[in-house]
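What follows is calculated from the coordinates using simple rules that are stated; it is not laboratory data. All values derive from a computational prediction rather than experimental measurement. A quick note on method: Cβ atoms are made from the backbone with ideal geometry, for glycine too, and the neighbour counts reach across all protein chains shown.
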Amino acid sequence: METVLRPVIVVGASVFLTVLIGWATDVLLRKADERHPETPLWDLLRRARVPYQLVLWAALLRGSYDEAELFEEHRDGVGRTLTLVLIGAAAWLVIRIAGAVVETTYSRYARAHHDAARVRRVRTQVTLIMRVVSAIVGVVAVAAMLLTFPAMRAAGASLLASAGVLGIVAGVAAQSTLSNLFAGLQIAFGDMVRIGDTVVVDGEWGSIEEITLTFLTVRTWDERRITMPVSYFTSNPFENWSRGTPQMTGIVFWQLDHSAPLEAMREKLRDILRQCPAWDGRASNLVVTDSTANTMEVRALVTAKDADDIWTVRVAVREQMITWLSAEHPYALPRVNTADAVPPPHRVPSPDRHSLRKAYEFPRTGKS
């Protein structure tokens with residue numbers, strides 16, 4: 001009877017204590033979240049209850065397994081399995097807690113600062129920090145799992161002896177991966193590009209959607225995703241329209257006839273901008289920038305608070321100005337001149353052949 005009750009009591013007590021402690025912890029976190037709704041820390045910690053309960057269960061069962069006297073012939077295997085579960089669950093819990101702390105810190109920073117560029121920079125940094133922490137914790141957990149096997153501990157000395165050779169071989173084999181890894185850290189802390197920045201890469205206009213330690217994703221204006229290695233951004237030039245202040249200046253060009261009403265176009269430009277919510281009111285002008293034999297180039301300069309608004313202002317000004325010119329001043333639009341050439345002033349027309357013949361012809365008389 002004792003051989004049956006002992007394992008049931010040990011295992012049942014471990015499960016009961018795990019559920020009880022997990023429930024009590026969840027209640028405390030829920031009350032803390034209700035008392036402090038301004039911080040998401042407690043709600044984020046509640047999401048870690050699964051690895052937390054798994055750590056409790058594995059620790060309690062591993063510590064009391066010898067008292068259960070269950071599967072005596074497989075004691076070492078069961079004990080090692082519980083140890084592996086405990087290490088994996090502990091690593092999972094550490095990653096969840098670190099993620100909650102980092103996310104809370106970022107949320108507080110985002111609420112306290114209204115500079116979008118600085119907020120995007122911190123978001124990029126904390127994202128890459130979390131990836132580094134997760135990678136380090138994962139490597140340490142795997143190493144700890146391997147060290148639970150006696151054969152791996154015995155091989156440790158030989159591995160350390162050949163660490164120099166292995167390091168050289170690994171460095172040569174993973175040269176591209178390591179360069180991307182260091183490039184990712186350089187991007188995160190060098191403030192070269194941030195999540196949410198508007199960039200132009202290889203002629204493609206888009207925004208940074210994701211940054212990892214090895215690759216970067218650009219979301220283009222037409223909903224495409226371009227995945228590029230982060231080392232590209234440390235070794236090639238690219239346009240970052242969000243660096244510094246997000247304010248931008250845009251230009252619109254028209255090819256018009258020389259008779260275009262420039263003053264009326266300036267008045268119309270001001271009217272268009274007053275009715276355009278995307279214009280920030282900083283600057284605007286309209287000038288002639290070039291002239292050819294048939295047309296002249298007219299340029300309008302407008303401003304907006306960011307890249308998205310400058311696109312809206314440019315297309316609105318271009319469309320409404322062309323519509324207004326077509327309706328009110330159609331002569332200002334480019335056209336092919338098919339009129340007869342006008343001779344220069346004060347020039348006598350050259351006489352034709354008939355008049356010359358008549359002028360030099362002798363008058364005829366009746367005499368021979």
Inset, instruction - Hey, can you grab everything whose amide H is under 5 Å from the amide H of Asp280? Only 5+ residues off in sequence or another chain; H modelled, so Pro and N-termini drop out. - result: Thr303, Ala304, Lys305
Inset, instruction - Sort Tyr232, Tyr52 so that the residue with the fewest other Cβ atoms within 10 Å of its own Cβ comes first and the one with the most comes last. - result: Tyr232, Tyr52
Inset, instruction - Give me Leu262, Leu54 ranked fewest to most by other Cβ atoms within 10 Å of their Cβ, as a rough exposure proxy. - result: Leu262, Leu54
Inset, instruction - Kindly put Thr127, Thr83 in sequence by how many other C-beta atoms sit within 10 Å of each C-beta, fewest to most. - result: Thr83, Thr127
